[in-house]
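Remarks on the structure that follows.
The values are calculated or read from the model by the stated rules, or taken from the named source; none is laboratory data. Since this is a predicted model, take the numbers as computed values, not measurements. Cβ: placed from backbone, ideal geometry, glycine included. Neighbour counts: every protein chain shown. Keep in mind that these areas ignore ligands, DNA and RNA; they rest on the heavy atoms of the full protein, side chains included. Shrake-Rupley method; radii C 1.70, N 1.55, O 1.52, S 1.80 Å.
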Amino acid sequence: MDSGYGLCCMFVPGNRHCIVGTKSGTIECFDIGSASRYHVEEDAHAGQAVWSLAALKDESGFVSGSADQSVKFWEWELGEDEEGVQ
């Protein structure tokens, strides 16, 4: 799989997708079944390394922590690909 230098990762509830935090400050989303990356959040932490990812208890999203000394909250968003809903 094509990816940046991963420092942390987490499985999305349902275990079909994985989120990776990278050394370059991006957050990358992967479909595990097809072994493909489907989204990159380029400016997740202003180019600073993403050191931690944790799912929210209510499964509405996740939290990321970075070398830029910030914590960001993210919400899940459903999208459609060519074959239907992701």
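At-a-glance table
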item: Check on Y5, open to solvent by 80 Å² or more (accessible area, probe 1.4 Å) and within 12 Å of the chain's Cα centre (by Cα); result: no
item: Residue within region 13-21 that is touching a Ser or Thr at 6+ places or on another chain (Cβ under 9 Å), surrounded by 13 or more Cβ atoms within 10 Å (Cβ to Cβ) and at pLDDT below 95 present; result: no
